[in-house]
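One structure is given below, encoded as structure tokens.
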Protein chains: 2
Amino acid sequence: MEKKKNEIIKHGANECPITATISVIGGKWKPPIVWLLLKGPMRYGALSKTMPEMSLKVLSKQLKELEADGIITRKVYPETPPRVEYSLTEKGAALRPALTLLSEWSETYILANN
Amino acid sequence: MEKKKNEIIKHGANECPITATISVIGGKWKPPIVWLLLKGPMRYGALSKTMPEMSLKVLSKQLKELEADGIITRKVYPETPPRVEYSLTEKGAALRPALTLLSEWSETYILANN
DNA sequence: CTGTATCCAGGGGGATACTG
DNA sequence: CAGTATCCCCCTGGATACAG
């Protein structure tokens, strides 16, 4: 059940750097996840509760991929009941400026236009 | 053959503004397309030639979606043979700062890390 | 509480041939 | 030159049940 982790680019022709980034944060639920984690670490259950429309399987998968891509870290506290906390790595936190601009763009050109 | 144009957000729960933007520029070939058009208008054939791995159907589709979302404009010159030029709208050009940061992030954290 | 396993549907994207 | 039409495959994501 090997996964290919971060496939990255491979456009052959043009090597678009944006595609590389999108392939990392472009999953359906990855933007919200990263967006939430920018405000601070969160537990698995809290993430799920905040985004109830996302199934658990998908949440797990996206978290794994984000972890594999070095965007987030997973910290397990050996307690009962178990506690798992997700937080951004330095690499992940470095996305903040870009994501902020992306957010502002949507506020200006999408939300405002409707 | 009605398409739903820009579906936009609809996460119900969290309304992530980044998801809104990703849904607009997040197609597999949309980033390269927009990235190219940031340098100036391009013809259909030129786009196809620059990205040979993208099938014509997909190019047409992505262009239509980008146009429907107001990112690009399509200008037809009534000549023989036909000439069609695609260029960014103001809205599309406004993505430049965000895309630049996205690009820089990938240069720093992906390309450099390999 | 934090996941994994299984099954399944929908859509995006690819190859190719054809059209104005 | 600039597309459209058709067929098909794969992958993402969803629902549900089960496990550590």
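Before moving on, here are some points about what is shown:
- For the options B:Thr89, B:Thr21, B:Thr80, a Gaussian network treatment of chain B with springs between C-alpha atoms closer than 10 Å singles out B:Thr80 as fluctuating the most.
- Shape analysis of chain A based on the Cα gyration tensor places the equivalent ellipsoid semi-axes at 25, 20, 13 Å, largest first.
- Most mobile of A:Glu79, A:Glu90, A:Glu67 in a GNM of chain A (Cα contacts under 10 Å): A:Glu79
- nm² value of the averaged projected area, convex hull over the Cα atoms of the protein assembly as shown: 14.6 nm²
- Longest segment of chain B lacking trypsin sites (Lys or Arg not before Pro) that sit in a DSSP loop with at most 15 other Cβ atoms within 10 Å: B:40-114
- Teacher prompt: B:Pro82 distances to equivalent labels in other copies, 7 Å Cα→Cβ, nm: 5.8
- Shape descriptor for the stretch A:43-110: Rg over Rh equals 1.05 (Cα atoms; Rh from the Kirkwood inverse mean 1/r).
- Nearest-20 debye value, chain B charge dipole, Cβ charges on Lys, Arg, Asp, Glu: 380 debye
- Residue of B:Ile71, B:Ile22, B:Ile33 that the Gaussian network model of chain B assigns the largest fluctuation, springs spanning Cα pairs under 10 Å: B:Ile22
- Solvent-accessible area lost on pairing B with A (1.4 Å probe, both sides summed) amounts to about 3600 Å².
- Rounded to whole numbers, the Karplus 3J(HN,Hα) couplings from phi for the stretch B:17-31 are x, 6, 4, 4, 5, 4, 5, 8, 10, x, x, 4, 10, 5, x Hz, using 6.51 cos²θ - 1.76 cosθ + 1.60 with θ = phi - 60°, and x at Gly and Pro.
- Distance between the stretch A:22-36 and the stretch A:61-103 - C-alpha centres, whole angstrom: 11 Å
The values are calculated or read from the model by the stated rules, or taken from the named source; none is laboratory data. Every value quoted in this text rests on a predicted model; they were computed, and no experiment measured them. Note that we place each Cβ from the backbone using ideal geometry, even for glycine, and neighbour counts take in every protein chain shown. Just the protein is used for accessible areas: all its heavy atoms, side chains included, with ligands, DNA and RNA removed. Shrake-Rupley method; radii C 1.70, N 1.55, O 1.52, S 1.80 Å.
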